[in-house]
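Below you'll find the structure, written out as structure tokens, and then a few comments.
The values are calculated or read from the model by the stated rules, or taken from the named source; none is laboratory data. In this text the structure is predicted, and so the values were computed from the model without any measurement. Positions of Cβ are generated from backbone atoms using ideal geometry, with glycine treated the same way; all protein chains shown enter the neighbour counts. These accessible areas exclude ligands, DNA and RNA; they are computed on the full protein's heavy atoms, side chains included. Shrake-Rupley method; radii C 1.70, N 1.55, O 1.52, S 1.80 Å.
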Amino acid sequence: MAEFLQQLINGLSIGSIYALIAVGYTMVYGVLQLINFAHGDIFMVGAMVALVAARTFGFIPVENVSHPWLALAAVTAVSLLVCGGLGFAVERLAYRPLRDKPRINSLITAIGVSLLLEYGGQHKKVFGPTPQPFPADLVPGASTQLFAIGGVVVSQIDAIVLVVTLFLMLTLSYIVLRTRTGLALRAVSHRFDTAALMGINTDRIISFTFVLGSTLAAMAGLLYAVKYPSVNPLMGLLPGVKAFVAAVLGGIGSITGAVVGGLVLGLVEVMVVGYMGPSGSQYKDGIAFVVLIAILLVKPSGLFGRNAIEKV
Amino acid sequence: MPSKKSDILPHADALPPAPLPALPVLSDKSGWGQALLANWSIPVVLLLVVAIGYLLEKANIKSYYQRILILIGFNIILAVSLQLINGFSGQFSLGHAGFMAVGAYAAAYPAISYSARLTNPLGVLLYLVSVLLVIGIAAGALWGILFLIRRTRLAHPALPGILLLMLAAWLLVDWAATARSDTPPWWAVWSRGVAALRGLFGWLTSHGQPGARTLSLKIPEIIRQPLCMLVLLAGGGCSAAVAGLVVGLPTLRLRGDYLAIATLGLAEIIRIAIQNSEPLGGALGLTGIPKATTFAWLYGAAFLTTIAVWRLAYSPRGRAIVAVRDNEIAAASVGIDTTRHKVLAFTIGAFFAGIAGALYALHERSVTPSSFGVQRSIEIVVMVTLGGLGSISGAILAAVVLTILPEALRPIEAYRMIIYSLLLIGMMLVRPQGLLGGRELWPRRWRPNRSPQPVDRPRVTEVTR
């Protein structure tokens, strides 16, 4: 039982990170019906910028830092700002000109942007292809154990991940449900042209969606880098695809679905690895794809998705 | 019947007499003979391509240029086969590398295990037939399960779902229990089934191989190796075609983005499955494959791929495929079987990708699962899109350009892939319809006669005695 609870905590922890990225995928799909392949790479940029910022500010020998929480806040702020700006720029330069063209063009452009970010990161002037360690101690006491009940150990980083995700989700739901911009966002994702007719500046809302999604992805990148302290330009591939699977699992277009899907996928992954012995860990990365195929075969609209009726 | 030509055409006497080809009259012979003779250009050009390939091989070009030519050959086959799936059938597939992987391993394994120097064609054939038999039995079992599901659904709609969930729970618990102890539980029916299939396969190959080997020695030596190559290529292609079937059937009702991700997922599942299977070498792959791909084989295969896809795409069946792409509901209402045509595109595209994979394995002498990842699929998709969706000559052109381009950019190695991706984005922004915009390069009169213009090649049936 204790092991099950331990796996539960682990699963929720990694699931929260997937949920943060999945929300970005799902919001962009909701407004634009575009799968933003570059989203996983924005996650990677978030982690990379955090590392570079920590280096530039001189935080890396962590003992030199006098106010650790302030340093962490500074690094986080830089990372979020840069990724938000990046998301805005990508939308403006790469996706907006293709909005009225066939969807396949945007899909290929998204692949192009993804490749650009990956190979740009691998260039030695930017980052270089080798993984570099991330100072997990930037988060004070990250690897220490927060508390232990019975045999269940909850480390500080898991707690931080869960708390931060909860906070961000609450903020997001406040923005989406209680503000006018959120209302406009929901309107645009429901029916694009009617929203434009109602006087909503759709361009601005779409930019806002991208910035919001990218910010969440950056936060996810930072948390992932603290949890698994290594940063490399290709680290966004696998979590990106898994987060996409989570978004599809929950119903792409639905924010609640993305969160639930992320948590479920994290739990499934950890449970399979934990309980299936050596063969399970080999198939860890394949589980997400199997879940994807299963959900696309059984219920393509996902858990919370709306079933679109095809009109002739 | 008009008595003289001048009755129908007033100026007929002034026209030069129609050139009589020096061919025998076949209008009253069988349709096969007619078809063969009407298509005589295909074997002739094929022989020409093979001859040029043979000469190129002997010409001893610098190995750097040789490598580029080989890569162009692979990319042509892959791009043209993907054009059938992505362009003509409109199913955006990001999983082409998976089919290539299946073909590569399906050719590599028998080449290593049963025919070390490609001198045992019958052994390879026996192996592939055994694989086919085992897959057939497994597919039959699957069909049986689906049949039972359909029957139980007649009893109550929710019944199959409940039974499947129970079965899945049972299998998961069984797998977990197996992972924790050494003795398999007595109710592990499914693992027994898999073990039985494995046993059957082992029995078939081990009992037949010695006989196949001695029989192979009876085949004249000069055709032993080409025959073995042919069997390997066909086997690779057919395995990949089966994979295409497996990928194409479940993804039928998916569209656009979903289909892209689903094919990506399935290709990754194939790759991970290969990576985790010990008989196929695991993550290190298979090594020691004899090197048998020459320019002749490669470009001959590329030529045949182009001809096959061309003939399919610009035929009534191809028109049906394009109709399904353009408007599936309208096509279905006209009576076109959408399922059959979509699956056909996938299967045939996968077949040629498998041939490319087999040639790749026989050239590189070793195959690893990592060389068939998402990156390769995306490279081929970029080629197809750059050339223009729906254009075979565009795919070939783009394959050539996009093979030479990274090599031409090698001096600025560090910026090479960045320029590549910027090129991709720029191309989508500036000319999204691709280089040829869906049109073909070849002169019009070689295409099937769609316009009212007369064909100026004399058709055999019109020759009068």
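The mean number of Cβ atoms from other chains found within 10 Å of a Cβ in peptide A:241-249 is 2, as a whole number. Its residue count N sets the reference 2.2 N^0.38 Å, and the alpha-carbon radius of gyration of the protein assembly as shown equals 1.07 times that reference. Taking amide H atoms as placed 1.01 Å from N in the peptide plane, the amide H of B:Leu286 lies under 5 Å from those of B:Val367, each 5 or more residues away in sequence or on another chain. Report the residue, chosen from A:Ala71, A:Ala19, A:Ala258, that carries the largest GNM mean-square fluctuation when chain A is represented by alpha-carbon nodes joined by springs under 10 Å. Maximum fluctuation in the GNM of chain A, among the listed residues, is at A:Ala71. When peptides A:175-184, B:142-151, A:30-39 are ranked by their average number of other Cβ atoms within 10 Å per residue, the highest-first order is A:30-39, A:175-184, B:142-151. Spin-label model, B:Leu245/B:Ile52: points 7 Å from Cα along the beta carbon direction are separated by 3.6 nm. Compute the Cα gyration tensor for segment B:340-390, then decide on rounded, prolate or oblate, letting a ≥ b ≥ c be the square roots of its eigenvalues: rounded whenever a/c is under 1.5, prolate when a/b is larger than b/c in the other cases, and oblate in all that remain. Oblate, since a/c reaches 1.5 and b/c is not below a/b. On the basis of the beta-carbon distance and an R0 of 35 Å, B:Ile222 and B:Leu405 show a calculated FRET efficiency of 0.30. In terms of packing, defined here as the mean over residues of other Cβ atoms within 10 angstrom, the peptides B:328-340, B:293-305, B:382-394, B:346-358 line up highest first as B:346-358, B:382-394, B:293-305, B:328-340. Remark: mean inter-chain Cβ contacts per residue of A:293-301 equal 4, using a 10 Å Cβ-Cβ cutoff to other protein chain atoms.
Interface burial in segment A:71-120, defined as at least 30 Å² less accessible area with all protein chains than with the chain alone at a 1.4 Å probe, covers A:Leu98, A:Ile104, A:Asn105, A:Leu107, A:Ile108, A:Thr109, A:Ile111, A:Gly112, A:Leu115, A:Leu116, A:Tyr119. Strictly over 32 Å apart at the Cα level, which of A:Lys124/A:Lys227; B:Lys218/B:Lys342; A:Lys124/A:Lys242; A:Lys101/A:Lys299 would you flag in this model? With Cα atoms farther than 32 Å apart: B:Lys218/B:Lys342. The mean count of C-beta atoms from other chains within 10 Å of the C-beta of residues in B:266-276, rounded to a whole number, is 4. Looking only at A:Ile206, A:Ile104, A:Ile293, which one moves most when chain A is put into a Gaussian network model with springs between Cα atoms under 10 Å? Top of the fluctuation ranking is A:Ile104.
Only Cα sites of segment A:148-266 enter the Debye sum here, all with the same form factor; the resulting log10 I(q)/I(0) across q = 0.13, 0.18, 0.20, 0.21 1/Å is -0.63, -1.07, -1.24, -1.31, listed in q order. Among B:74-81, B:226-233, A:50-57, the peptide with the highest mean count of other Cβ atoms within 10 Å heads the list, and the full ranking is B:74-81, B:226-233, A:50-57.
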